[in-house]
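The values are calculated or read from the model by the stated rules, or taken from the named source; none is laboratory data. Treat the numbers as computed from the prediction; the structure is a model and nothing was measured. Because the Cβ atoms are built from the backbone with ideal geometry, glycine has one as well, and the counts that use them run over all protein chains shown. In case anyone asks, the SASA skips ligands and DNA or RNA and just uses the protein heavy atoms, side chains included. Shrake-Rupley method; radii C 1.70, N 1.55, O 1.52, S 1.80 Å.
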Amino acid sequence: MNSLMIKGRAGSPGYAIGKLYVYKRRRLQSKKYKITDTDKEYSRFEAAKEAALKGIEDLYQRTRTAAGASNADIFSAQSMILKDEDYIKKIRDNIVDEKKNAEWAVSDASRFFYEIFSSLEDESVRAKAIDLKDVSNNLISLLTDTGSDIDIKEPVIFAADYILPGEFIQIDKGMIKGIVMAEGSAYSHVVILAKTLGIPVVLGPGIKSSLSGRETLINGNEGTVVVSPDEQMRKEYLSLIDKERIYRTGLKEYKGRKAVTGEGKQIQIFANVGSLADVKEAIDNDCEAVGLVRTEFMFLERDKLPTEEDHYRAYKEIVEAMNGKPVVFRTMDIGADKKMLSYKHIHEENPALGKRAIRICITDKEIFIPQLKGILRAARHGDVSVMYPMIISKTEVLKINNIMEEAVEELEAAGLEYGEVKKGVMIETPAAALISDELASMVDFMSIGTNDLTQYTLALDRANSELAPFYDPYHEGVFKLIKYTVDNAHKAGIKVAVCGELAADTKITRQLMDLGVDALSVSPRRILELKRFICNL
Ligand code: PEP
Ligand code: MG
């Protein structure tokens, strides 16, 4: 059989080999007819809606167990659609005024809102269109009594035009070696879930049903699919899969070991995380602490601002997972290239120099105070610090301290328990580095964000790939600012970490250690590699 190579896009990293299972979704038999008893039809719809809400609650619990609360929030978003006034009103009007049967009323409302969502530019809003489809198809299948017909008997490479989160979570994950999905983006819920579960995904190619059953390779790093590979390709992939396994197993030797050089110099290795799933990976890779929780995950992909309770619930889960090891929560860093749906971002000519991070928090306390209260309450469950991004002045730190006091007063007035938190600033603007002597006397620790420190020192937009030829990650100016910050921190008797990408760059590990940096905070997958490197210095 001839081999067939199909190019797509990378979705979730990793390699897989297995039999192809091409899933063609059965068209839902939603007959369209006019009704006379509108009350009876609307009750039929309401019964289906109640059953769907129960089903979603069950999926929420299952996802929470498999992949953590933040991933399970997909299903909170779906139950919000089922309770959405506009969606329900459209269905009701279809039944009551247009006399459409319930299935027709739902599919019509689904198409109406799907077109609106999927025409929007923002990819994360477009992902909502998939939720809407999922919710509506589920309602129609409840109304017509047709369930999903996915039937997998052995581990496969699963290919489909799209996979609904509800379908994905119901498939036994041991049965999916990899996924090829024609529609979808890195924001698709299924792709995020697959990444959490370590399942490679290729996006883009539509696969013909006639290819079902053929042996297939997928490369989630490069986004390629090879159906019926020749012997040489097969061997290559098997060896890649094996190499990755051996590499990962070899690194495991470094679990439980400290990062100490041959001469006995030690540095701490922390993890940077952006979800509970990352925390699990960080623990698996033996991190000593979480040095940076990017809390933006609480704000992105939501159409309402997170409440104090939302913050508390998510942070408590992270703190408890760390089981007594320190966790540093960085307060919200939205703005520049990261936009919230729930916030009216003003138009800015220069967003990287605009209303971002602490600048939003200081001006909009309704965003900041619930987050601070959530962190303070989570501190009762472990060793918690809070850290502020994009600081440029002492006045900002004083303002933040006042807001922090307000948050504490509100908790006390409400009789809610909270814990002690240590306070730190990120040094990621040249201004902060240059006044690090004064900032050091106001906080308990500092962390150098080299991604932004480099961007702002070199005046080079980090998101603009056109500027790559001008970008020098090892610019001497940045190293001078790091050295000045470390010296000032130590003079004030506090510790300093580096948490930007440079922290994981082994070309400069020795230099950072020589400068006296106390800890390197890196993405969970890099922890053991970095430890091995340091132990062999
Ligand atoms: C940094 O700027 O180095 C940093 C760690 O923060 P972020 O990459 O989230 O902006
Ligand atoms: Mg930063």
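Based on the alpha-carbon gyration tensor of region 203-357 and its eigenvalue square roots a ≥ b ≥ c, which shape applies: rounded if a/c is under 1.5, prolate if not and a/b is larger than b/c, or oblate?
Oblate is the answer for region 203-357, as a/c is 1.5 or above yet b/c matches or exceeds a/b.
Give me the percent of accessible area attributable to carbon and sulfur for region 38-144, probe 1.4 angstrom.
Whole-percent figure for carbon plus sulfur exposure: 49.
Run the Debye formula on the Cα coordinates of region 441-512, all scatterers equal and no solvent, and tell me log10 I(q)/I(0) at q = 0.14, 0.21 1/Å.
-0.46, -0.93
Of 254, 224, 239, which is farthest along the charge dipole of region 217-268 in the positive direction, counting Lys and Arg as +1 and Asp and Glu as -1 at C-beta?
Ranked along the dipole, the leading option is 254.
What does the helix-only formula give at 222 nm for the chain: each DSSP H stretch with n ≥ 4 adding -39500 (n - 2.57), the total divided by the residues, and the result rounded to the nearest 500 deg cm²/dmol?
Calculated mean residue ellipticity at 222 nm is -14500 deg cm²/dmol.
Restricting everything to alpha-carbon atoms, can you work out Rg to Rh for the chain with a Kirkwood hydrodynamic radius?
1.00
How do the peptides 346-352, 50-56, 104-110 rank, highest first, by the average count of neighbouring beta carbon atoms within 10 Å per residue?
Taking the mean over residues of other Cβ atoms within 10 Å, the ranking is 104-110, 50-56, 346-352.
Indicate, rounded to the nearest 5 percent, the antiparallel portion of the DSSP beta bridges found entirely in the chain.
35
At 24 angstrom or more along the helix axis (alpha-carbon based) and mean Kyte-Doolittle of -0.5 or higher, what helices does the chain contain? Whole DSSP H runs only.
Those that pass (Cα extent of 24 Å or more, hydropathy at least -0.5) are 123-144, 394-413.
Simple spin-label model, 7 Å along Cα-to-Cβ: residue 96 to residue 9 in nm?
4.2
Which order, highest average first, do 242-250, 401-409, 202-210, 136-144 follow once you tally other Cβ atoms within 10 Å for each residue and take the mean per peptide?
Ranked by mean Cβ neighbours within 10 Å, highest first: 136-144, 202-210, 401-409, 242-250.
I want to check the label-to-label distance for residue 240 and residue 480. Put each point 7 Å from Cα in the C-beta direction and report it in nm to one decimal.
4.5
Given a Förster distance of 22 Å, report the FRET efficiency between residue 412 and residue 437 from their Cβ-Cβ distance, rounded to the nearest 0.05.
The computed FRET efficiency comes out at 0.05.
In Å, what is the Rg of the alpha-carbon atoms in region 38-144, and how long is Dmax?
My reading of the Cα-based Rg and Dmax gives 14.2, 43 Å.
When ranked by the protection proxy of mean other Cβ atoms within 10 Å per residue, highest first, what sequence do the peptides 255-262, 499-506 form?
Top to bottom by mean Cβ count within 10 Å: 499-506, 255-262.
Tell me, what is the per residue accessible area of the chain in Å², probe radius 1.4 Å?
46
Which net charge results when you count Lys and Arg as +1 and Asp and Glu as -1 among the other residues whose beta-carbon is under 11 Å from that of residue 343?
Here the count lands on +3.
Return, ordered by residue number, the residues of region 250-266 whose backbone nitrogen is under 16 Å from a label point located 7 Å along Cα→Cβ of residue 506.
Inside the label zone: 250-255, 259-262.
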